[in-house]
Amino acid sequence: MKHPHIELSPEITRALSMGAPIVALESTVITHGLPHPQNLELARDMEKQVRETGATPATVALLDGKIRLGLSDEELVQLSESESTLKVSHRDFATAIVKKANGGTTVAGTMLAANMSNIKVFATGGIGGVHKESSFDISTDLKALAETPMIVVCAGAKAILDLPATLEYLETMGVPVIGYKTDEFPAFYSRESGLNVSARLDSPKEIAEFAKAHWSLGLRSAVLVTNPVPETDSIPKSEMEPVIAKASAEAMEQGIHGQALTPFLLSRISELTKEKSLKTNLALLLNNARLAGEIANEVNVRKKEWAI
Ligand code: PSU
Ligand code: MN
């Protein structure tokens, strides 16, 4: 059924009606997570990775107050260049709608829009979580993961976060944390964190079977798939730790908090590592888009048998 605030591109409308595999992609990474022009290049490359698996990419964003799924290349250019875009999580949708604003959707925002449009697989870089700077700063991403039945592919939670607290929250909310070909929860820039996942799975097929089993019980949380950054682009935890500590101390000194904290930390870490972390961020995003495409294909094969 058509929702008054949601607009699907012709390609996504067609893919949905044919029952073809689709992967939702977030856009805060374009509007707030990466500098220009790498953000545009990344947006295009993520779509390409998804297409190479045979799935259709649905980049989600707000344009002129409309929630859009599937953007044209001109629209990607517009989104990547615009400087006054909102960062849209759950509480911000209505703001963007009534103000007819442009916005990049966070993990939580993208999950909401994708779920309303019956899309079951989503790729991002790293989910938000519990911040180190303040244990009251808990990303809405965690709430969305707790309440949205969707497979979310990420490279772990961003290492700028309190990772043990983030994992505790996910456990409380009943969100399975899958390690793709690993037993260890990846820490975004690094493959290692010293923390465990709740289950290890080694193929897209196993992940689709897992999600089917999880949702067959009436559970309605997401299945979080953590995909470690490729070895060649991983930065050792020991190398990242002092950089993250410095960026975090600066954020506290400058009183940066709320929605601005994550973008500040990401860009400051990129400066401090002379863009080495930026390269890693791009590599893991592409890696996740590809895996999500492969999973979407496996989900699609099983869709008819699914209750959801
Ligand atoms: N991963 C990235 N870059 C990003 C983000 C994730 O590689 O910019 C974004 C996601 O959109 C995520 C958001 O939902 O950061 C979390 O923001 P906050 O901590 O304010 O909830
Ligand atoms: Mn926050």
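None of the figures in this text is laboratory data; all of them are computed from the coordinates on show. Quantities reported herein were computed from a predicted structural model and do not represent experimental measurements. In this analysis, Cβ positions are derived from the backbone assuming ideal geometry, glycine residues included, and neighbour counts consider all displayed protein chains.
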Item checked: Qualifying trypsin sites (Lys or Arg not before Pro) for the range 105-202 [loop in DSSP, other Cβ within 10 Å: at most 14] -> 181
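Give me the percent of Cα-Cα pairs in the range 185-284 that sit more than 19 Å apart, rounded to a whole number.
Values: 2754 of 4950 pairs.
Everything past 19 Å amounts to 56 percent.
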Item checked: J(HN,Hα) series, the range 260-276, from Karplus relation 6.51 cos²θ - 1.76 cosθ + 1.60, nearest Hz, glycine and proline x -> 7, 5, 4, x, 4, 4, 4, 6, 5, 5, 4, 4, 5, 9, 6, 6, 4
Margin query: I need to check one value: relative contact order of the range 163-304, counting alpha carbon pairs closer than 8 Å and at least 6 residues apart, in percent.
Written below: 27
Margin query: Output needed: percent of Cα pairs per 10 Å distance bin for the range 119-166, bins running from 0 to the one holding the longest distance.
Written below: 27, 54, 18, 1
Note to self: Show me, for the range 238-243, the HN-Hα J-couplings you get by feeding each phi into the Karplus relation (A = 6.51, B = -1.76, C = 1.60, θ = phi - 60°), rounded to Hz, glycine and proline as x.
What the structure shows: 5, 6, 7, 3, x, 5
Checklist line | Spatial extent of the range 44-89: Rg and Dmax, with the Cα atoms as the point set, Å | finding: 11.6, 34
Notebook entry, point to check: Where the centre of each part is set by its Cα atoms, how far does the range 59-88 sit from the range 186-210, in angstrom?
Noted result: 31
Check: With the Cα gyration tensor of the range 73-116 giving a ≥ b ≥ c as the square roots of its eigenvalues, does the rule (a/c under 1.5 for rounded; else a/b larger than b/c for prolate; else oblate) give rounded, prolate or oblate?
Finding: oblate
Check: If you project the alpha carbons of the range 60-169 onto the principal axes, what extent comes out on each, in Å, largest first?
Finding: 40, 29, 23
Next item on the list: Collect residues whose amide H, placed 1.01 Å from N in the peptide plane, falls under 5 Å from the amide H of residue 190; neighbours closer than 5 in sequence don't count.
Entry: 235
Check: Per the Debye formula with a single identical scatterer at each Cα and no solvent contribution, what log10 I(q)/I(0) holds for the chain at q = 0.07 Å⁻¹?
Finding: -0.23
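Would you please classify the overall shape of the range 1-145 from the alpha carbon gyration tensor, given that a ≥ b ≥ c denote the square roots of the eigenvalues, rounded means a/c under 1.5, and beyond that prolate means a/b larger than b/c while oblate covers the rest? Don't skip to the answer; put the middle values down first.
Values: a/c = 1.34, a/b = 1.31, b/c = 1.03.
Rounded.
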